[in-house]
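Note sheet for the following structure.
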Amino acid sequence: MSKKNNTTDNGQAPLCYSSEDARTVLDSISAHIAIIDENGVILDTNRAWRNFAEKSGMPAGYDSIGENYLEICDASTGEDGENARAVAAGIRDVIAGRTDEFLMDYPCHSTDGPHWYYARVLQMSGEGPLRLVVSHEEITALKLTEEALRGSEARLTEQKVELKEANIALKVLLKQREGDKSDLEQKVITNVKEMVLPYVEKLKRVNLKAKDKRVVEIIESHLQDIISPMMQKLANANIILTPQEIQVASLVKDGKSSKEIADILNVAETTVHFHRKNLRKKFGLSNSQTNLRSYLISIA
């Protein structure tokens with residue numbers, strides 16, 4: 001027969017605990033611990049268990065030993081009664097061998113604030129009569145953190161919904177704005193065609209001096225440009241032209257030379273060249289061989 005090995009893996013002698021050492025360890029644990037037998041009778045408790053009992057209104061030095069924990073749980077009433085009976089049921093399952101371990105977290109609020117505990121029941125190892133370890137560990141800090149996280153998640157979800165609704169509303173407003181813009185443009189075009197151009201046409205029939213007649217023709221040309229697809233396309237492309245650039249662009253499109261444009265607008269020919277250069281730049285034609293008039297006709 002081989003001799004029993006009384007050393008650990010590293011060759012050192014294992015620690016031997018006395019009853020006094022075991023008591024010290026048990027009393028050092030923060031969880032409220034009770035040792036019960038197969039009938040639910042409390043055989044021993046640690047300091048945390050006794051302190052909690054005293055805090056709950058029991059007399060100083062009360063240790064619960066000799067009381068039947070199952071009966072105490074079964075008799076519990078009020079808000080904590082359901083949880084206490086659930087713990088008792090779990091203890092009976094462990095006693096009967098239906099489960100090796102029972103775990104449960106539950107609220108146990110008091111006048112000093114909210115509290116949550118984590119109950120654990122399991123059989124003690126070793127030979128001898130059946131003994132169970134019942135422990136209750138406070139997990140209030142953990143629960144409060146979990147609730148704070150859930151609250152943050154709920155607020156984020158609510159903000160996400162609000163943002164989605166705001167985006168939908170914004171899309172509706174933008175669509176309405178585009179509709180209003182289109183309606184306004186159509187009204188401007190209709191008014192120019194029906195309320196302005198007819199009078200311009202009448203002016204053209206009047207016996208005017210050549211210079212005045214040319215001014216009327218320019219007015220008519222510019223009004224046509226205002227309602228032309230070219231101007232709408234420029235607006236849609238966010239191409240912003242100055243009033244004089246618009247005049248120059250319209251006259252270039254009509255085939256006028258720089259000198260003719262200068263005479264019509266009563267400006268220097270160099271000014272027309274300057275505007276033509278700016279127009280090519282705004283239309284993205286600076287480094288292109290594309291003819292400015294051909295481009296303006298293509299977008300008209």
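Somewhere in the range 128-137, is a residue at pLDDT below 90 and among the charged types (D, E, K, R)? No, the range 128-137 contains no residue that is at pLDDT below 90 and among the charged types (D, E, K, R).
Answer yes if at least one residue in the range 137-146 is surrounded by 10 or more Cβ atoms within 10 Å (Cβ to Cβ), free of Cβ contacts under 8 Å to residues at least 40 places away in the same chain, of a type in the set (D, E, K, R) and not in a strand (DSSP E or B), and no otherwise. Walk me through it before giving the result.
The initial filter retains those residues of the range 137-146 that are surrounded by 10 or more Cβ atoms within 10 Å (Cβ to Cβ), namely 137-140, 142-146.
Of the ones still in play, those that are also free of Cβ contacts under 8 Å to residues at least 40 places away in the same chain are 139-140, 142-146.
Next, from what is left, pick out any that are of a type in the set (D, E, K, R): 143, 146.
Those still in the list that are not in a strand (DSSP E or B) too: 143, 146.
Yes: one or more hits.
Just one residue in the set D37, D21 is surrounded by fewer than 17 Cβ atoms within 10 Å (Cβ to Cβ), in contact (Cβ under 8 Å) with a residue 60 or more places away in the chain and of a type outside the set (A, V, I, L, M); that residue is D37.
Scanning the range 109-125 turns up one or more residues that are free of Cβ contacts under 8 Å to residues at least 40 places away in the same chain, under 26 Å from E20 (Cβ atoms) and polar (S, T, N, Q).
Of all residues in the range 218-238, count the ones that are part of a helix (DSSP H, G or I), modelled with pLDDT under 80 and either surrounded by 14 or more Cβ atoms within 10 Å (Cβ to Cβ) or among the polar types (S, T, N, Q) (or both). Steps first, answer last, please.
Going through the range 218-238, the residues part of a helix (DSSP H, G or I) turn out to be 218-226, 229-236.
Applying the additional criterion that residues be modelled with pLDDT under 80 yields 220-226, 229-236.
Among the residues that remain, those that are also either surrounded by 14 or more Cβ atoms within 10 Å (Cβ to Cβ) or among the polar types (S, T, N, Q) (or both) are: 220-226, 230-232, 234, 236.
So the count comes out to 12.
For the range 98-114, the count of residues that are at positive phi and of a type outside the set (S, T, Y) is nonzero. With the condition kept exactly as written, say whether any residue in the range 3-21 is more than 15 Å from V134 (Cα to Cα) and at pLDDT 90 or above. For the range 3-21, residues more than 15 Å from V134 (Cα to Cα) and at pLDDT 90 or above: absent.
The set of residues in the range 274-294 that are free of Cβ contacts under 8 Å to residues at least 40 places away in the same chain, closer than 18 Å to T242 by Cβ and assigned to a helix (DSSP H, G or I) comprises F274, H275, R276, K277, N278, L279, R280, K281.
Of all residues in the range 46-82, those satisfying the criterion of being aliphatic (A, V, I, L, M) and under 25 Å from A22 (Cα atoms) are A48, A53, A60, I65.
The values are calculated or read from the model by the stated rules, or taken from the named source; none is laboratory data. Because the structure is predicted, anything quoted here is derived from the model rather than measured. Please note: Cβ atoms are built from the backbone with ideal geometry, for glycine as well, and neighbour counts cover all protein chains shown.
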